[in-house]
1. Once amide H atoms are built 1.01 Å from N in the peptide plane, which residues 5 or more positions from Thr63, or in another chain, come under 5 Å H to H?
2. How far, in degrees from 0 to 90, does helix 2-45 lean away from the longest principal axis of the Cα atoms of the chain, to the nearest 10?
3. Can you list which of the GluC sites (Glu not before Pro) found in region 8-103 are DSSP loop residues with at most 12 other C-beta atoms within 10 Å?
4. Helix 65-111: angle to the longest alpha-carbon principal axis of the chain, degrees 0 to 90, nearest 10?
5. Over 29 Å between Cα atoms, which of Lys36/Lys58; Lys36/Lys89; Lys58/Lys90 qualify?
6. Quick one: net charge around Asp14, please, counting Lys, Arg +1 and Asp, Glu -1 for every other residue with C-beta under 15 Å from its C-beta.
7. Rounded to the nearest 20 debye, what is the charge dipole size of the chain about its Cα centre when +1 sits on each Lys and Arg Cβ and -1 on each Asp and Glu Cβ?
8. Can you tell me, using C-alpha contacts under 8 Å and at least 6 residues apart, the relative contact order of the chain as a whole percent?
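Computed from the coordinates by the stated procedures, all read-outs in this text should not be read as laboratory data. Worth saying up front: this structure is predicted, and the values here are computed from it rather than measured. As a convention, Cβ positions derive from the backbone with ideal geometry for all residues, glycine included, and neighbour counts pool all protein chains shown.
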Amino acid sequence: MEQLAAQIQEKAVDSQKQLRSILMQVTAKERSLRIKELAKKELNVVGKDAAVYGGVGKMFIRTDLDSVRKTIDEEISSLLGDIDSLRKKKDYHETTAVNANSHLQKMKESVI
């Protein structure tokens, strides 16, 4: 019985650690998403004949405006997919932690 309780408690602690990690990842991805969306908004204001430069290593190379917009759109969709996936993981680990804690509570009540 004690071994089972220890395993359940370990599962709850692990889920809480994973949850903290996932929340930090979501925050970072959302920050990157806001930056990409602001860049896209600024590019929409720029005229078609404006010079746009893309970073390549330590250099900047003049790039076609449409290709920069396409790249930003791809990065935004990738970030949205990552955030969605992380939120699903967050829901799983929240459920796991709640279930583990309720099982521990039931075990304590049955002993008393």
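1. Those qualifying (amide H under 5 Å, at least 5 residues apart or on another chain) are Val52, Tyr53, Gly54.
2. Value to nearest ten degrees: 20.
3. none
4. Helix 65-111 and the main axis of the chain meet at about 10 degrees.
5. Those over the limit are Lys58/Lys90.
6. Local net charge: +3.
7. That gives the chain a dipole magnitude of about 200 debye.
8. Details: 74 pairs, mean separation 53.7, N = 112.
Dividing the mean separation by the residue count of the chain yields 48 percent.
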